[in-house]
Each structure stands twice: as C-alpha cells, then as structure tokens.
Amino acid sequence: MTGEEIAGLLESAGLGGGPAEVSAAGPGGQSAVTVTVTVPAREWLTALAFARDQLGCGFFDWLSAVDEAEAGVAVLVHVYSLAGRHHLLLRTVLPGDQPRLPTATGLYRGAAWHERETHEMFGVIFDGHPGLGPLLLPDGFEGHPLRKDFALAARAAQEWPGAREPGEAAAPGQPPRGRRRAVPPGVPEGWPAG
C-alpha cells in the first residue's frame, strides 16, 4: 500500500485535521512508507483502532509527547504494519494546562508502559489507564521534568557552568584562571626549552 493510498483511506474515514504527510524514505536508505497524521483528541482512539484494524498496523512501537509551549502538549504514537511494511505516526495536540487523553491500552497492550512514562514526564492524564503510578521518578517527586515550565534544581542552586568562558575571571577584579599545561605522556618535563 502506498503512502497516498493510506492517506486517502484515513481521509475517507474522516480522520485527521488536515492533509497527511507522506514520506517514502526509510532508515538506512531502505524504502519504507511513513504517513504522519494529526488527529483531534476526540478521534484518538478511533484513529488507533482504524490503524490497527483497517491498515494492519498491529505492531505498537512507541508513544511519547513533546511540550510545544504555547501550542500545548503533542502526544505521538508510532505503529507499524508488518504485512504492509508501512509506518503510521499519529499525533494530537492537547491543551498544556490539563492534557487528557483516553488510554490506548484497550487497543494496544504495549501502550501501558509508554503512557505511564508520558504521564510521569509530561503530565498527560490517560483516562481509563489501569495504573498511572510512578515509573521512573522517586516517590513524592513533584512536577513533570520534560515540560518546558519545569525549573531545573541545578540551575537554581548554582551558576550554570557555561556562564563564563574558560580562562575568564570568576568575579571582577580576580585574575583569570589559567589552564594547567599538561605534558603529553612520554615527553620529558621542560622539553622543548623556551
């Protein structure tokens, strides 16, 4: 099935908020069809079910998110058809203040871990998920570390290392720190003289 045929099927099913993006370049120069479609959040499960049942995309690869600042949080899922050898990348954009989406675990069991990670790192709530408990972060951790509004503790506690150039004075009036000149291994100390 060509990318244009897949895009046509998605469009005829009423899925997608605009034209599908079709790419024919695969990894390592192999020929692989990848179709990228942005769907409204209300069509998320319908699009995933269509991908699985009508397009043969039975292989769930990954699900993650991207914080797109003012636009909101984009949730992406990549599924693949082993028989048709085509990729489908579904994308939806959620409001940044309360990102919610129905869980895909009823369609793809492998989505459970990915949804837990996306919930923990980006704060996306997957309604109906069997357990959105902590996965990677310690108990009691507050915030979502991959959101752009998350304050990094290291930057608040100490100056960012790139704030000054090597050899630049740490404070005005102090002499600049020089780098210690290291002699390469096997070269006698003080050679060449001069």
_Please go through the stretch 107-126 and give me each residue that is open to solvent by 70 Å² or more (accessible area, probe 1.4 Å) and of a type outside the set (A, V, I, L, M, F, W, C), ordered by number._
109
*If only one of 10, 55, 48 is under 15 Å from residue 82 (Cα atoms), surrounded by 18 or more Cβ atoms within 10 Å (Cβ to Cβ), modelled with pLDDT of 80 or more and not basic (Lys, Arg), which one is it?*
55
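Filter the stretch 50-75 down to the residues that are aliphatic (A, V, I, L, M) and more than 18 Å from residue 1 (Cα to Cα) and list them by number.
If we filter the stretch 50-75 for residues that are aliphatic (A, V, I, L, M), which is where we start, we get 51, 55, 63, 65-66, 69, 71, 73-75.
If the condition is that a residue be aliphatic (A, V, I, L, M) and more than 18 Å from residue 1 (Cα to Cα), then 63, 65, 66, 69, 71, 73, 74, 75 are the ones that fit.
Go through the stretch 66-101 and give me each residue that's aliphatic (A, V, I, L, M) and closer than 20 Å to residue 117 by Cβ.
Pass one, the stretch 66-101, residues aliphatic (A, V, I, L, M): 66, 69, 71, 73-77, 79, 82-83, 88-90, 93-94, 101.
Selection gives 66, 73, 74, 75, 76, 77, 79, 89, 90, 93, 94, 101.
Would you confirm whether or not the stretch 118-140 contains a residue that is more than 18 Å from the chain's Cα centre (by Cα) and closer than 30 Å to residue 23 by Cβ? I'd like the intermediate steps shown before the answer.
In the first step, residues of the stretch 118-140 are kept if they are more than 18 Å from the chain's Cα centre (by Cα); the result is 127-134, 138-140.
Then drop every residue that is not closer than 30 Å to residue 23 by Cβ, which leaves none.
Checked the stretch 118-140: no residue is more than 18 Å from the chain's Cα centre (by Cα) and closer than 30 Å to residue 23 by Cβ.
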*Count of the stretch 48-105 residues which are more than 18 Å from residue 16 (Cβ to Cβ) and among the β-branched types (Val, Ile, Thr)*: 4
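In this structure, is residue 61 modelled with pLDDT under 95 and either of a type in the set (Asp, Glu) or touching a Leu at 6+ places or on another chain (Cβ under 9 Å) (or both)? First the steps, then the outcome.
Numbers: modelled with pLDDT under 95: no; either of a type in the set (Asp, Glu) or touching a Leu at 6+ places or on another chain (Cβ under 9 Å) (or both): yes.
The answer is no for residue 61.
For the stretch 36-47, enumerate the residues that are closer than 15 Å to residue 6 by Cβ and either touching a Phe, Trp or Tyr at 6+ places or on another chain (Cβ under 7 Å) or of a type in the set (Gly, Ala, Ser) (or both).
Of all residues in the stretch 36-47, those closer than 15 Å to residue 6 by Cβ come to 36-39, 47.
Scanning the stretch 36-47 gives a single hit, 47.
Taking the stretch 64-102 on its own, how many of its residues are closer than 15 Å to residue 123 by Cβ and either surrounded by 15 or more Cβ atoms within 10 Å (Cβ to Cβ) or free of Cβ contacts under 8 Å to residues at least 60 places away in the same chain (or both)? Please lay out each step first, then the result.
So the first thing to find is which residues in the stretch 64-102 are closer than 15 Å to residue 123 by Cβ, and the list is 64-69, 72-75, 93-101.
Now narrow it down to the ones that are either surrounded by 15 or more Cβ atoms within 10 Å (Cβ to Cβ) or free of Cβ contacts under 8 Å to residues at least 60 places away in the same chain (or both): 64-68, 72-75, 93-101.
Here the count works out to 18.
The values are calculated or read from the model by the stated rules, or taken from the named source; none is laboratory data. Note that the structure is predicted; figures quoted are calculated from it, not measured. When we count neighbours, we look across all protein chains shown, and the Cβ atoms used for this are built from the backbone with ideal geometry, even at glycine. SASA here: full protein model, heavy atoms, side chains in, ligands and nucleic acids out. Shrake-Rupley method; radii C 1.70, N 1.55, O 1.52, S 1.80 Å.
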